[in-house]
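Student: Dumping the structure here so I can ask a few things about it.
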Amino acid sequence: MKHSDIFSVNPPSCVGCLLCQLACTFNETGNFVPSKAHIKIDWTPLETKIEFDDNCTECGVCISYCFYDCLSRKEGEK
């Protein structure tokens, strides 16, 4: 199953705060290293791309720290 099947992503809501990336890496490594996150945010005021790499465990910690409703789980997913 692809991450896009589990997560709903709303890029226009993203403000580029990178809290999702920080939470992801802290959860995985105990350190704040956005470049090593399993979620990648490419943010500009005109366009935002949000992607998950193949090592994403779908733990949802990124969703917990997204205060702008960019990330959520799709209905019926844990």
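Student: Using 0.36 nm per residue, how much length does the chain from E58 to E75 gain when fully extended, once their Cα-Cα distance is taken away?
Tutor: Details: separation 17, 0.36 × 17 = 6.12 nm, distance 1.45 nm.
Between E58 and E75, full extension yields an extra 4.7 nm.
Student: Note down the net charge around K49, summing +1 for each Lys or Arg and -1 for each Asp or Glu among other residues with Cβ under 15 Å from its Cβ.
Tutor: Details: positive: K40; negative: D42, E47, E51, D53.
Value of the local net charge: -3.
Student: With the contact rule set at Cα under 8 Å and sequence spacing of 6 or more, what percent relative contact order holds for the chain? Could the numbers behind the result be given before it?
Tutor: On the way: 119 pairs, mean separation 31.3, N = 78.
Result for the chain is 40 percent.
Quick note: the coordinates plus some simple rules give every number you see, no bench work behind them. Just so it is clear, the structure is predicted and the values come from calculations on it, not from any experiment. All Cβ positions, glycine included, derive from the backbone under ideal geometry; neighbour counts span all protein chains shown.
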